[in-house]
Amino acid sequence: MMSVSSESKIELLNKIKELENKLSFMEFTREEKTDTNELDYIKLKIEFEKIRKQFKSIEARYNLINLQPHLGLVYFDADQTVIDCNEKFTKIVGLSREELVGHSVFNVFENKNLLLSIKKTLKGTSAIFEGEHYNKKEKIKLFLRGYFISGKSLENSEPINAGIFEDITETKKTENNFKLLTQSFKKISEGIIITDSQNFITYVNDAFTDIYGYNREEILGKNIGILFSLNNPKKITERIYSVSRKKNWEGKLLNTKKDGTEFTVYFSISSTANTVSGEYSHIAIVKDITKDKKIEEELIAAKEKAEQSDKLKSEFLGQMSHEIRTPINIILNVSNMILEDHYFETDEDTRSTFSILDSAGKRIIRTIDLILNMSEAQVGAYNLSLRKFDLFGEMYNSFYNEFLRLAEDKDLDFFWKKETANTTVLGDIYSISQIFDNILHNAIKYTHIGEIKVKFYENKKGNLVVKFIDTGIGISEEFLGRIFEPFSQEDSGDTRRYEGNGLGLALSKVYCDLNNIKIDVKSKKGFGTTFKLTFTNR
């Protein structure tokens, strides 16, 4: 069977002209009627009509094939042989015209459902197909929609079958993406609203119906303004309505449920353009923040209450500090005055009593200071005042003489050693002084023989390091992990041998953190303890 091409059309046209000329000549000479002439004329007439019908059929196929640039067309006969096809079909299947025409249509496809549709067509039944096809030339998987039509040819009544193919790969991808998107929309707790460019609702998810109380039939096709409360500022609703393809809006908004209930939502709306039509749609995400707002209000109230409580606590502690410190200081001052006035009149036992009284008073004041400082640090009320200062100079002037006297009272050697010229740091003097005071007090308390050494030096990173080394009783390995916990003491209970409240090192650790100081401790029971402070801020 002849394939559709411009050459076959020209060939048939020439044949038709030739037959027309013969018929005209025979009609002109029909006056001499003979049986032979009449028979030749009828045969020629029949041949002419046959060729003319064949030309019309081929011309129709030619026009159909070449005037359909977006559809792939293929013709095949009852023997499954491809008669003709257009260029779009060759691109879809990934084969050239030469590889198709004259070959079995079954060799073109591998999809079983598609081959089944072709078989139905060969049996005289039209069929529709949708499925995948692997384009070997482009090495890609396409999704095709095919229509198979069984018919009769005009020229010789032989069955001619046609296949019309459409590449719907991109459409299918869009459908799959939309399905995936809608499935995702179903699973999220926020309401999703999609509107057209005129703000009429075209889609809502399940969460939307739960939030607003509408079912889909009631809300689809309605203007999105039906959801907005009239109590919203006019400027806000105007901004939402004016959202175009290059703008978006988000913020808190009053909305209205189906039953008229007003509630607060976080509303975010933006636009998305349709690349095919050029029109744009709006997509809005709605979160009911009624509960969040209530929780926020409760948190604010709780914060204010906590701040008020902290203020009352600080005021109470300050007042208590004043009430305890004042009489203790008076007692200490009066006792010292009495001792000074009658020093030579008193015996050794009386002087010892006054010394015990002075020591106990100072212990009470120190305990009060530790409790107040720890309380202040724990509630975050401590005001850190950072400045650069000479650490060695400040600490030496503050503590050397005081602790030298305490060390001498116990026959201990007390050394301060400076191994670097630069001992400047950035920190809070008061809290760093408290760290030194607490560590040195412990060193004096727990050391009975030997020495206490304070050494200043720089490490390899250029950080200033201070080591406190003592030859005291040491700390057990079990207790080292809890040494910075408040109120923790290795020797506790009624039988403990050393005074103290377990706050000194805990407070020192808090102050180290505030000043970005790294504190480390190494110790062995019976062999002394070493505390190391590493100052990273200089």
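The values are calculated or read from the model by the stated rules, or taken from the named source; none is laboratory data. On a predicted model such as this, the values are computed, not experimentally measured, just so you know. Positions of Cβ are backbone-derived with ideal geometry, glycine not excepted, and every protein chain shown enters the neighbour counts.
Right, SER355: of a type in the set (Ser, Thr, Tyr) and either modelled with pLDDT of 75 or more or touching a Phe, Trp or Tyr at 6+ places or on another chain (Cβ under 8 Å) (or both) or not? Let's see the steps before the verdict.
On the way: of a type in the set (Ser, Thr, Tyr): yes; either modelled with pLDDT of 75 or more or touching a Phe, Trp or Tyr at 6+ places or on another chain (Cβ under 8 Å) (or both): no.
So SER355 does not fit the description; no.
From the residues in the range 380-433 that are charged (D, E, K, R) and part of a helix (DSSP H, G or I), which one is nearest to the chain's Cα centre (by Cα)? Talk me through it step by step, then tell me what you get.
Within the range 380-433, the subset charged (D, E, K, R) is 387-388, 390, 394, 402, 405, 408-411, 413, 417-419, 428.
Within this subset, residues satisfying the condition of being part of a helix (DSSP H, G or I) are 394, 402, 405, 408-409.
Details: GLU394: 50, GLU402: 58, ARG405: 62, GLU408: 64, ASP409: 65 Å.
Across the range 380-433, the extreme among qualifying residues is GLU394.
Across the range 199-209, which residue is nearest to THR256 (Cα to Cα) among those that are touching a strand residue (DSSP E or B) at 6+ places or on another chain (Cβ under 8 Å) and part of a helix (DSSP H, G or I)? Give the derivation first.
Quick first cut of the range 199-209, residues touching a strand residue (DSSP E or B) at 6+ places or on another chain (Cβ under 8 Å) only: 199-205, 207-208.
Then keep just the ones that are part of a helix (DSSP H, G or I); that gives 207-208.
Values: ALA207: 15, PHE208: 12 Å.
Here the residue is PHE208.
Can you tell me which of ILE483, ILE519 is modelled with pLDDT of 85 or more and assigned to a loop (DSSP other than H, G, I, E, B)?
ILE483
Going by the conditions given, is LEU253 farther than 29 Å from THR174 by Cβ and at pLDDT 90 or above?
Details: farther than 29 Å from THR174 by Cβ: yes; at pLDDT 90 or above: yes.
Yes, satisfied.
Can you find a residue that is in contact (Cβ under 8 Å) with a residue 12 or more places away in the chain, on the phi > 0 side of the Ramachandran plot and either in the same structural domain as ILE46 (by TED's automatic domain parsing) or in contact with a Ser or Thr (Cβ under 9 Å, 6 or more places away or on another chain) (or both) anywhere in the range 206-224?
Within the range 206-224, one or more residues are in contact (Cβ under 8 Å) with a residue 12 or more places away in the chain, on the phi > 0 side of the Ramachandran plot and either in the same structural domain as ILE46 (by TED's automatic domain parsing) or in contact with a Ser or Thr (Cβ under 9 Å, 6 or more places away or on another chain) (or both).
Identify, from the list TYR203, TYR212, the residue that is crowded, with 16+ Cβ neighbours inside 10 Å and either charged (D, E, K, R) or under 18 Å from LYS293 (Cβ atoms) (or both). Break it down into steps so the answer makes sense when it comes.
Details: TYR203 fails: either charged (D, E, K, R) or under 18 Å from LYS293 (Cβ atoms) (or both).
When all the criteria are applied, what remains is TYR212.
Looking at this structure, is GLY131 among the small types (Gly, Ala, Ser), under 40 Å from the mean Cα position of the chain (by Cα) and surrounded by 12 or more Cβ atoms within 10 Å (Cβ to Cβ)? Step through it out loud before you land on a result.
Numbers: among the small types (Gly, Ala, Ser): yes; under 40 Å from the mean Cα position of the chain (by Cα): yes; surrounded by 12 or more Cβ atoms within 10 Å (Cβ to Cβ): yes.
In short, yes.
Quick test of your reading of the structure: ALA407 fulfils all but one of (1) out of contact with any strand residue (DSSP E or B) (no Cβ under 6 Å at 6 or more places or on another chain); (2) at pLDDT 90 or above; (3) buried (at least 16 other Cβ atoms within 10 Å of the Cβ). Name the failing condition by number.
Of the numbered conditions (1) out of contact with any strand residue (DSSP E or B) (no Cβ under 6 Å at 6 or more places or on another chain); (2) at pLDDT 90 or above; (3) buried (at least 16 other Cβ atoms within 10 Å of the Cβ), the odd one out for ALA407 is (1).
For the range 455-475: of the residues being surrounded by 12 or more Cβ atoms within 10 Å (Cβ to Cβ) and among the small types (Gly, Ala, Ser), which is nearest to GLU419 (Cα to Cα)?
GLY472
For the subset of the range 111-122 comprising residues that are free of Cβ contacts under 8 Å to residues at least 12 places away in the same chain and of a type in the set (D, E, K, R), which member is surrounded by the fewest Cβ atoms within 10 Å (Cβ to Cβ)?
The residue in question is LYS112.
Residue check: is ASP428 closer than 18 Å to ASN516 by Cβ and surrounded by 16 or more Cβ atoms within 10 Å (Cβ to Cβ)?
Working: closer than 18 Å to ASN516 by Cβ: yes; surrounded by 16 or more Cβ atoms within 10 Å (Cβ to Cβ): yes.
Judged against the criteria, ASP428 is a match.
Quickly run through the range 250-303 and pick out the residues that are in a helix (DSSP H, G or I) and of a type in the set (Val, Ile, Thr). Don't jump to the end; show me each part of the working.
Within the range 250-303, the subset in a helix (DSSP H, G or I) is 290-303.
Selection gives THR290, ILE295, ILE300.
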